[in-house]
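Questions regarding the structure given below will be posed in turn.
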Amino acid sequence: MKDASFLTICMNPTIQKTLRFGRLAVDTVNRTGDYRMDASGKGVNVTRVLTQLGKKCVHLTHLGGPLRPLFLQLCAADGLSLEWVESGSPIRFCYTLINDADNTVTELVEEAEAVGAGTGERLTRAYAGMLPLFSTVIISGAKAAGYSDALVPDLVKKAKEAGLQVILDVRGGDLTGSLEYHADIIKPNLYEFAQTFAPGLISGNGIAADEGTVKEQVKKAALGLVEKYGSRIVLTRGSRPVWAFDGDGFHEYAVETVRPVNTTGSGDAFTAGLAAGLADGASFAEAIARGARCGLLNAGLFKGGVIR
């Protein structure tokens with residue numbers, strides 16, 4: 001029997017720059033000496049937290065361009081195991097701006113350039129060769145441009161055919177196209193789930209409807225998916241209670257709150273804690289509690305995608 005081990009996949013690597021300001025002002029110069037730089041992307045964050053939890057974990061991604069040595073160096077500094085294929089595309093930067101004056105966290109996201117021809121085929125070959133070594137596959141985040149729309153569903157299909165547990169933190173076509181292959185856990189946040197299955201709730205970068213309407217529509221959509229595909233669904237909602245759905249219906253789990261320092265990566269920390277809990281034999285509720293604890297720990301730290 002395979003050991004409890006994790007293969008994480010994210011096809012959108014980034015280098016994250018985190019800057020903290022006592023007071024951040026718009027339309028002027030802001031200076032700080034409190035900043036850091038880390039390898040990131042949703043899959044890297046999940047990998048880092050699983051590693052900090054003492055789990056065997058390998059991350060599969062694509063890399064290219066002049067920043068690749070820096071990205072690999074940053075991963076090595078965190079003790080991460082990494083496998084990668086050549087993409088011919090540069091690694092993007094993303095930025096987290098922490099404003100202590102009003103306790104806000106602002107994300108600035110560079111969209112990734114398209115990966116080069118053949119990247120998807122190289123990643124699929126590497127993935128197929130690695131599957132026999134693992135018990136759980138976790139696929140996170142939006143893929144970079146240049147990949148086939150069929151790629152994520154195909155990765156899910158191959159993992160399920162190999163008898164692995166699959167956890168999906170994806171949205172849009174990557175999620176809807178994967179449903180027929182019966183992932184074990186679907187774990188976007190509420191906004192991403194609504195974008196995919198209840199777009200009428202979305203306005204701009206947020207959810208416009210009142211919570212009662214949101215809960216009613218999301219419950220209807222999620223329970224329908226559970227009934228049709230058998231996947232369990234976990235929706236994180238920041239500091240608000242987690243919504244979860246399985247064959248027994250709808251569940252709501254309160255979460256502890258903390259005055260946040262940096263919420264970047266808290267959802268990924270949740271995914272890692274949830275996955276570790278399930279692999280350790282925890283019940284669905286216990287695994288959700290472990291995920292929530294990891295998300296809380298991350299939010300209280302300056303570096304994103306960590307629990308210590």
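How big is region 4-98 in terms of Cα radius of gyration and Dmax, in angstroms?
Values for region 4-98 (Cα only, Rg and Dmax): 15.1, 51 Å.
If you don't mind, another one. So how much slack lies between residue 216 and residue 259, counting 0.36 nm per residue of separation and subtracting their Cα-Cα distance, in nm?
Working: separation 43, 0.36 × 43 = 15.48 nm, distance 2.97 nm.
12.5 nm is the gain from fully extending residue 216 to residue 259.
Using helices alone, what [θ] at 222 nm do you get for the chain, with -39,500 (n - 2.57) per DSSP H run of 4 or more residues, divided over all residues and rounded to the nearest 500?
Details: 9 runs with 106 residues, N = 308.
The helix contribution divided over the chain gives -10500 deg cm²/dmol.
Counting GluC sites (Glu not before Pro) as exposed when in a DSSP loop with at most 15 other beta carbons within 10 Å, what is the longest stretch of the chain free of them? Before the final figure, lay out the partial values.
On the way: sites that count: 110, 111, 256.
The segment 112-255 is the longest one with no such site.
Under 5 Å between amide hydrogens, which residues at least 5 positions from residue 14 or on another chain qualify, with H placed 1.01 Å from N in the peptide plane?
The answer is 40, 41.
What fraction of the Cα pairs in region 194-268, stated in percent, has a spacing above 16 angstrom? Could the numbers behind the result be given before it?
Details: 1571 of 2775 pairs.
Here the long-distance tail beyond 16 Å is 57 percent of all Cα pairs in region 194-268.
I would also like to ask the following. Rounded to the nearest 0.05, what FRET efficiency do residue 250 and residue 149 have when you use their Cβ-Cβ distance and R0 = 41 Å?
On the way: r = 31 Å, r/R0 = 0.75.
After rounding, the FRET efficiency stands at 0.85.
To the nearest Å, what is the center-to-center distance of region 204-253 and region 70-129, using C-alpha atoms only?
The distance from the Cα centre of region 204-253 to that of region 70-129 comes to 29 Å.
Do any trypsin sites (Lys or Arg not before Pro) in region 1-93 lie in a DSSP loop with no more than 10 other beta carbon atoms within 10 Å, and if so, which?
23, 31
Projected area of region 145-284, taken from the Cα convex hull and averaged over every viewing direction, in nm²?
Numbers: hull surface 38.5 nm².
Spelled out: convex hull of the Cα atoms, projected over all directions, averaged, 9.6 nm².
Could you tell me the number of lysine pairs in region 78-220 with C-alpha atoms less than 21 Å from each other, where the two lysines are 8 or more residues apart or belong to different chains?
The number of close lysine pairs in region 78-220 is 10.
Can you compute the charge dipole magnitude of region 8-85 about its Cα centre, using +1 on each Lys and Arg Cβ and -1 on each Asp and Glu Cβ, nothing else charged? Give it in debye, rounded to the nearest 20. Mind showing how you got there, number by number?
Numbers: 10 positive and 5 negative charges, 30 e Å.
In debye, rounded to 20, region 8-85 gives about 140.
Next question. Compute the Kirkwood hydrodynamic radius of region 94-189, taking the inverse of the mean of 1/r over all pairs of distinct Cα atoms, and give it in Å to one decimal.
Details: mean 1/r = 0.0663 Å⁻¹.
For region 94-189, the Kirkwood estimate is 15.1 Å.
With a ≥ b ≥ c taken as the square roots of the eigenvalues of the C-alpha gyration tensor of the chain, please select rounded if a/c is under 1.5 and otherwise prolate if a/b is larger than b/c or oblate if it is not? Provide the component values of the computation, followed by the final result.
Details: a/c = 1.43, a/b = 1.07, b/c = 1.34.
It is rounded, given that a/c, with a ≥ b ≥ c, falls under 1.5.
Give me the dipole magnitude in Debye, nearest 20, for the chain about the Cα centre, with unit charges on the beta carbon: positive for Lys and Arg, negative for Asp and Glu.
Working: 32 positive and 33 negative charges, 116 e Å.
Magnitude of the dipole: close to 560 debye.
Still on this structure, please answer the following. Quick query: amide H of residue 186 versus all other amide H atoms, modeled in the peptide plane; which residues come in under 5 Å with a sequence gap of 5 or more or a different chain?
Hits under the 5 Å cutoff: 168, 232, 233, 234.
While we're here: Lys/Arg Cβ at +1, Asp/Glu Cβ at -1, dipole of the chain taken about the Cα centre: which of 40, 118, 254 is farthest positive-ward?
40
Here, each number is a calculation from the coordinates, and none is a lab measurement. Treat the numbers as computed from the prediction; the structure is a model and nothing was measured. Note that we place each Cβ from the backbone using ideal geometry, even for glycine, and neighbour counts take in every protein chain shown.
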